[in-house]
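Report on the structure given below.
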Ligand SMILES: [Zn+2]
Ligand SMILES: [Zn+2]
């Protein structure tokens, strides 16, 4: 017989609401950019130590991880919250607004962090209610796309890799205190590509003496889009966007080179590999056809986020128990946006889920503006219930 019930968990988070909000407000007022979350990390570590959680070693500058041991043998459950803020000026007018000019928690990571700390507190106070262990991961630099990889490299899982990974992201698109799960692929991979096209510069009046990299770039840009329109099945989306193209400085001078930078998004590993090969092929042959050369460089990217079936089932059940079935949506559309939760999930063998948690309140019009918007309000009321869903899911996974 289980010794816990969703009613009990909800009562607990409500009774601890003031504490949870105190943490949330402290994080929100002092937002820090990726890899610079020193005070945030200190606050998290101090709280973890106060709660009696066991801090785990790791050579990372920011971010933290801690263990909570249940009673008896069982699996290791990882729960991840990202902790970094964005270079966006806050314009919410909240009395606990950011005190750091030009930096704010415009992606709701302060809510992720506070909710996970609430979960750690509950589990630390109820170790007789579960077996196995929970690893709480407070991940740095999600917005930089490299925090998860950096922490893995610095030994995040040196004392054991979680058997299963859980996490959530705030969603201003969903009603407050509802959960949404995307079955299977939920977020695209993200790779950055840089193409350096080399020609031969000279006088704009004498193109016959030059190799014009600007014209090569123009042809290449349109040819590269045929990877998506002609080499990819129409029902299987991918995106290739070049957001930066630079070359030349005068109207009458042909430059030596042009550099284009773009982002590549796909939902499966095979597509990701195919697109990289195709970019290389088209870029080099297009340059060659016009007497130029090019070098294509990919920086290490993020894999697609694919929720496992048992992960989705776990969260659908836990969210229904805490929020009511009518507050759980299983039909979310995948997003071309990426989240490096996928790096950690991949390291955990792909077992787990990242779900969405609604933060749009009808009483707060500015709560539905969207992520990365300086005016968007993430309501306090999301914190206790977000924490309750994490607690319920953890207990369901580690039930004795
Ligand atoms: Zn974000
Ligand atoms: Zn985010």
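Values quoted throughout were computed directly from the atomic coordinates according to the rules given, and no laboratory measurement underlies them. What you see is a predicted model, and the numbers here were worked out from it, not measured in a lab. Glycine gets a Cβ as well: all are built from the backbone with ideal geometry, and neighbour counts include every protein chain shown.
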Worksheet entry | Gain on full stretching of the segment that runs from residue 144 to residue 295 - 0.36 nm per residue minus C-alpha separation | 51.9 nm
Discussion item. For a Förster distance of 45 Å, can you work out the FRET efficiency between the beta-carbons of residue 333 and residue 203, rounded to the nearest 0.05?
Written reply: 0.30
Fill in: Rounded to 10°, Cα long-axis angle of helix 6-15 versus longest principal axis of the chain
90
Worksheet entry | Segment residue 313-residue 253, length gained on full extension (0.36 nm per residue, minus Cα span) | 15.5 nm
Worksheet, complete the sentence: Gyration tensor on Cα atoms of segment 295-351, a ≥ b ≥ c root eigenvalues, a/c under 1.5 rounded, else prolate if a/b beats b/c, else oblate, says prolate
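Quick check on the chain: what does the Kirkwood estimate of hydrodynamic radius come out to from the alpha carbon pairs, in Å?
Details: mean 1/r = 0.0443 Å⁻¹.
22.6 Å is the Kirkwood radius here.
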Item to complete: Could you state the angle between the C-alpha long axis of helix 17-29 and the longest principal axis of the C-alpha atoms of the chain, as a value from 0 to 90 degrees rounded to the nearest 10?
Response: 30
Discussion item. Can you compute the FRET efficiency between residue 159 and residue 233 using 1/(1 + (r/R0)^6), with r the Cβ-Cβ distance and R0 = 30 Å? Round to the nearest 0.05.
Written reply: 0.10
Worksheet item: Between 145, 190, 286, which gets the highest mean-square fluctuation from a Gaussian network model of the chain, Cα cutoff 10 Å?
Response: 286
Worksheet item: Hey, what angle do you get for helix 269-289 against the long axis of the chain, alpha-carbon based, 0 to 90 degrees rounded to 10?
Response: 20
Fill in: Highest average packing first - 348-354, 242-248, Cβ atoms within 10 Å
348-354, 242-248
Worksheet item: Applying 1/(1 + (r/R0)^6) with R0 = 56 Å to the Cβ-Cβ distance of residue 242 and residue 55, what FRET efficiency is obtained, to the nearest 0.05?
Response: 0.80
Item to complete: Can you bin segment 18-75 into rounded, prolate or oblate? Criterion: square roots of the alpha carbon gyration tensor eigenvalues sorted a ≥ b ≥ c, rounded for a/c under 1.5, prolate for a/b above b/c, oblate for the rest.
Response: oblate
Worksheet item: Once the piece of chain linking residue 285 and residue 325 is laid out straight, how much longer is it, given 0.36 nm per residue of separation minus the C-alpha distance between them?
Response: 8.9 nm
Item to complete: Whole Å is fine, so just give me how far the alpha carbon centre of segment 323-345 lies from that of segment 48-74.
Response: 26
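Which of the peptides 382-389, 51-58 is most tightly packed, and how do the rest follow, judged by the mean count of other Cβ atoms within 10 Å per residue?
Descending mean neighbour count gives 382-389, 51-58.
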Worksheet item: What shape does segment 190-302 take by its C-alpha gyration tensor, where a ≥ b ≥ c are the square roots of the eigenvalues and a/c under 1.5 counts as rounded, a/b above b/c as prolate, and the rest as oblate?
Response: prolate
